[in-house]
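The values are calculated or read from the model by the stated rules, or taken from the named source; none is laboratory data. Small disclaimer: the values here were computed from a predicted structure and weren't measured. In this analysis, Cβ positions are derived from the backbone assuming ideal geometry, glycine residues included, and neighbour counts consider all displayed protein chains. For accessibility, only protein heavy atoms count, side chains too; no ligands or nucleic acids. Shrake-Rupley method; radii C 1.70, N 1.55, O 1.52, S 1.80 Å.
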Amino acid sequence: MPLKGKRAVITGSNSGIGLGVARELARAGADIVLNSFTDRAEDHALAADLAKEFGVSARYIRADMSNGGECRALVEQAGGCDILVNNAGIQHVAGIEEFPVEKWDAIVAINLSSAFHTTAAALPGMKAKGWGRIVNVASAHGLTASPFKSAYVAAKHGVVGLTKVTALEVAGQGITANAICPGYVLTPLVEAQIPDQMKKHNMDRETVIKNVMLERQPSRQFATVEQIGGTAVYLCSDAAAQVTGTTISVDGGWTAL
Ligand code: NAD
C-alpha cells in the first residue's frame, strides 16, 4: 500500500478519468476526496463504494471549479491534501469568430484557473509536510492543436505552463508537479458519442472508432481510465520523486507524429 496515509483530492471525479484516477489511487492505499459541482445522493454513494471496495477513507465534497473561491474551499474542507489531481474539464467546439464568450470563460475557468486556485490552497500544507504530489490532467491538446478548440487548447497549454512554474517554485521541497497528457480516452462521455458518429458516417462501431475518432491516435486504440490512473499512481510514487515540471503523454503515439 504505497500511498497509505496520503490524502488525495481529485477535482471533477464523479465520472470518467477523474473517477478512474481516484480508483487507482485508492487501490494504492490513498484516502480519497471526490468532487464535482453536483450534490446528489449518488455522488456520495460513489465515495462510500470506494471506501468499501479499497478499505480507505473516502468522501465527496461539492464545489464548482468555475468559481475560484469554491476551488480553494474544496482543499480547505478536505483538510488539505498530500496529492492534488486537477482533472475537472469541459469542452466546446466552434470557430474562433463564432465561439461563445461565456463558453470561452467557462473553459478557461474550469480547465485552467481552477488548477491555479487549488494549487495555491494545497501548497502551504504540502510545504509544511515536506511532501506533495500535484498531478494536472492536461491533454494531447496541451502539446498540439486542433481547429475549432481554441479555448480548450489554450487552457490545456496553460495547464502545462502552470505545471512547470509550480514545479520550479517548490523544487527541492519534496513536492512535484507534473501533467498527464492523454490522447482519446474511452470515458462514458466519449462512449456516448459513438452511436451518433456511426450514424453520421454510416459506419459500424469498429470502423468509426478506428477511422474517425482515433484518426490522430496511431495505435488506433483508446487509452483507458485505468491507464491514466496508473500513470498518476506512478507520479505519486517514490520512483517519480525526481520527475517534476514535465508532461507524460498517454496518447497511443499522437504527439510523436
Ligand atoms: P467527464 O465529462 O467524464 O469528466 C469531467 C469531470 O469534470 C466530471 O466529473 C464533471 O462532473 C466534472 N466537472 C465539469 N465541470 C465541473 C465544474 N464546474 N466543477 C467541478 N467539476 C466539474 O470527462 P473526462 O473525459 O473524464 O475528462 C476529464 C479530464 O480529462 C478533463 O480535464 C479533460 O479535458 C481531460 N481529457 C479527456 C480526454 C478524453 O478523451 N476523454 C482526453 C484528454 C484529456
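For the range 166-257, applying the loop criterion from DSSP together with a ceiling of 15 other beta carbons within 10 Å to the GluC sites (Glu not before Pro) yields E215.
Other residues whose C-beta falls under 12 angstrom from the C-beta of G142 contribute a net charge of +2, scoring Lys and Arg +1 and Asp and Glu -1. In the chain, one over the average inverse separation of all distinct C-alpha pairs is 18.5 Å, which is the Kirkwood hydrodynamic radius. From the alpha carbon centroid of the range 176-210 to that of the range 243-257 is 19 Å.
Taking only protein heavy atoms and a 1.4 Å probe, the accessible area of the range 116-187 is 64% carbon and sulfur. In the chain, helices alone account for a calculated mean residue ellipticity at 222 nm of -12500 deg cm²/dmol, with every DSSP H run of four or more residues adding -39,500 (n - 2.57). Determine which residues of the range 135-174 fall in the zone a paramagnetic label at I194 would reach in this model, i.e. backbone nitrogen under 15 Å from the point 7 Å along Cα→Cβ. Residues passing the 15 Å test: none.
Within the shell of other residues whose beta carbon sits under 15 angstrom from the beta carbon of S249, the net charge comes to +1, with Lys and Arg scored +1 and Asp and Glu -1.
Rounded to the nearest 20, the Cβ-based charge dipole of the chain about its Cα centre (Lys and Arg +1, Asp and Glu -1) stands at 480 debye. Taking Cβ atoms as reference points and 15 Å as the exclusive limit, the residues near T163 contribute a net charge of +2, counting Lys and Arg as +1 and Asp and Glu as -1.
Given K149/K200; K6/K52; K52/K127; K164/K210, which pairs have Cα atoms separated by over 23 Å?
K52/K127; K164/K210
What number comes out for accessible area per residue over the range 15-69 if the probe is 1.4 Å? Units Å², please.
Per residue, the range 15-69 has an accessible area of 43 Å².
Per the 1.4 Å probe, what fraction of the accessible area of the range 191-257, in percent, lies on carbon and sulfur atoms? With neighbouring chains kept in place, the figure for the range 191-257 is 50 percent.
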